[in-house]
Amino acid sequence: MSLRSRWLSRPEDRVEGWLTRHHQERVLAGETKPVGPCPDESFLQSLARHSNQIAFTDPRVGHAANCPICMRRLLELRPAYKARRRRMVLTAAAACCCVIVVALILVARHGANPPRTVPDVAAVQVTVDLWNAGTLRGDQPSPLKSVTLPATLAKVTIILPRYSGSGRYAVAVTRDRTGNDLLAHGSATAIGSGDREEVSIDLDLRNLQPGSYFLSTTHEQDQASYYYPLQIK
Ligand SMILES: [Zn+2]
């Protein structure tokens, strides 16, 4: 037994249903005496809709409940409203389905063909060999190793100077040797290759004007920075 039929089978509902039908028959047969004039069509439509804006103390409700003309109109309107409510519910449900379907299509398309963002700029592979940089030759330090990098997105592999320790290194491009004007930087853990340590980092040098700069390496553990003259071309 469905919920609705169980609901309707309650004795008080059966009595109420019978009273309603009996009353309707009496009204339609002209056995009741309505008070006042017939309300307008919009009021009857609201009443048929069970509008919450109508109070049952409204004298027009009392009139319509006892007027054969108004009762007939209400009985005509009620199925129409029921059908319309059903249609509205179905339309709303269909609209929801459409939204879901459109969303699914968009997700499917998005997944199959992701929107294009900024075109990938291929990073230029550059190796900077600092193996012999800064080593002492006799009492004279060798001239500072000068480094050249292109003004592009660069994947820079730095071969660290001889005797460099393992661990993490910060690499920076600065305007001067104070290191205050940081233009590009990255950090990575040095990878040992034989007795050499190499650090690979991505540096975005696209906004740099060609000219003289400094490349620094800082061992993150001992915070010792080494600066190398850098030419951006
Ligand atoms: Zn009436």
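Dimensions of the stretch 124-232 based on its C-alpha atoms, expressed as ranges along the principal axes with the largest first, amount to 38, 29, 23 Å. Excluding same-chain neighbours fewer than eight residues apart, the aspartates and glutamates reachable from K155 by a Cα-Cα span under 15 Å are D120, D129, E198, D202, D204. As a rough guide to protection, the peptides 154-164, 26-36, 207-217, 122-132 ranked by mean Cβ packing within 10 Å, highest first, stand as 154-164, 207-217, 122-132, 26-36.
Kindly state, to the nearest 0.05, the FRET efficiency for A92 paired with D40, given R0 = 45 Å and r defined as their beta-carbon distance. Working shown, then result.
Working: r = 29 Å, r/R0 = 0.65.
E between A92 and D40, to the nearest 0.05, is 0.95.
Length gained on full extension, R72 to T127, computed as 0.36 nm times the residue gap minus the Cα-Cα distance: 10.4 nm. Taking 0.36 nm per residue of sequence separation and removing the Cα-Cα distance, the S51/A108 pair yields an extension gain of 16.2 nm. Work through the residues other than T152 whose Cβ is under 9 Å from its Cβ and net out their charges, Lys, Arg +1 and Asp, Glu -1. That sum, taken over residues with Cβ under 9 Å, equals 0. In this structure, L153 and V101 have a Cβ-Cβ separation that, at R0 = 41 Å, corresponds to a calculated FRET efficiency of about 0.50.
Could you grab the relative contact order for the stretch 9-112? Cα pairs under 8 Å, six or more apart, rounded to a whole percent. If you can, show how the numbers build up before the last one.
On the way: 59 pairs, mean separation 28.7, N = 104.
Relative contact order of the stretch 9-112: 28 percent.
The relative contact order of the stretch 124-232, computed from alpha carbon pairs under 8 Å that lie at least 6 residues apart in sequence, is 30 percent. Judged by the mean number of other Cβ atoms found within 10 Å, the most tightly packed of the peptides 222-228, 199-205, 71-77 leads the ranking 199-205, 71-77, 222-228.
Each value in this text was obtained by applying a stated rule to the coordinates, not by laboratory testing. Please read these numbers as outputs of a predicted model, since none were measured by experiment. Reconstructed Cβ throughout: ideal geometry from the backbone, glycine too, with neighbour counts over all protein chains shown.
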